[in-house]
Amino acid sequence: MNAVLQVEGLCKQHGQGQGLVRAVDEVYLDVPAGQMLAVMGPSGCGKSTLLHLLGGLERPSGGEVWLAGQRVDTLSERALARLRRRSVGFVFQAFHLVEELSAAENVELPALLAGRSPRAARHRASALLERVGLADRARHLPWQLSGGQRQRVAIARALANEPLVMLADEPTGNLDTAATLDVLRLFEELRAAGQTLVMVTHDDRVAAIADRVVSMRDGTFVDDTWLAVDPEPTDGAGWLGGLTESGG
Ligand code: ADP
Ligand code: MG
């Protein structure tokens, strides 16, 4: 079994009595390593709640969440915080960068919090900013960057600790078309590198690059479509290796 994420009978209720909302209602999900999964559905159907449960930002009311074979919903607060820092990379619609810190410092922060040396964190941050095309913006503060640049910093930050899974909630929701395409290009590169990625989106252009699209309504999955033939992460040769083999 190579599922990075597994979810069994997952439920999350908010409120009680007349005000009870079943935000996530008995969801089952396996996400194989390297898969890019898009979760779609109308506003209020439970997408963000699902993502928060997957990444340990919220605790389920019922069911189980497993990350790389480890059950996470029963962890202590301390262990859960550690898991969030080291194993999960979050990307949000509104970026959530630390406004007082430069782009580079924002990307260094998760590595420092995970106990890496300042030197290692600096190296990692500079490599990641290079990778997202922002090497020349490292010293800029968030307000000095465009929305698209801020989201690319946020993606670099999410990758700081080489997360088992990246979770992105409407990552292009605040971006114009050019910036959206930048983010999609990055996600394609991440997929090619074998990064497991779960993204919530309203945007068909985002869903179109996914390997699999799940549709939610009222807290449950109403459709689950696999678009890719082979969701396994590619080895170094990738496409070329596959073609060479089949070509004999
Ligand atoms: P989506 O991301 O698909 O728009 P959400 O996961 O944010 O949906 O919300 C799902 C449902 O749960 C909605 O009805 C929302 O109002 C409700 N909800 C989400 N968070 C809370 C909360 N903290 N307290 C009460 N209700 C909530
Ligand atoms: Mg949402």
Considering the chain as a Gaussian network with a 10 Å cut-off on Cα pairs, which listed residue, PRO171, PRO42, PRO110, attains the greatest mean-square fluctuation? PRO42
Which of GLY63, GLY19, GLY34 moves most in a GNM of the chain, Cα contacts under 10 Å? GLY19
Translational diffusion of segment 1-110, µm² s⁻¹ [Kirkwood Rh, Cα pairs; Stokes-Einstein; 10 °C; 1.306 mPa s]: 103 µm²/s
Strictly greater than 14 Å: what percent of every Cα pair in segment 4-69 meets that? 58 percent
Would you mind calculating the relative contact order of segment 1-44 from Cα pairs under 8 angstrom and at least 6 residues apart, reporting the percent as a whole number? 41 percent
Segment 3-247: Cα Rg divided by the 2.2 N^0.38 Å rule of thumb: 1.02
Can you tell me, using C-alpha contacts under 8 Å and at least 6 residues apart, the relative contact order of segment 1-128 as a whole percent? 22 percent
Among beta bridges that DSSP assigns inside segment 3-247, antiparallel share in %, nearest 5: 55 percent
GNM flexibility winner over the chain from ALA121, ALA94, ALA208 (Cα, springs under 10 Å): ALA208
Normalised contact order of segment 3-247, rounded percent, pairs of Cα under 8 Å and 6 or more residues apart: 28 percent
In nm, to one decimal, how far is the modelled label at HIS96 from the one at THR220, with both set 7 Å along Cα→Cβ? 2.9 nm
Given charges at Cβ of Lys, Arg, Asp, Glu: the chain dipole, positive-most of ALA120, MET199, GLN16: ALA120
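Throughout, read-outs are computed from the coordinates displayed, never taken from laboratory work. These numbers were taken from a predicted model, which means no experiment stands behind them. Neighbour counts run over all protein chains shown; Cβ positions are idealised from the backbone, glycine included.
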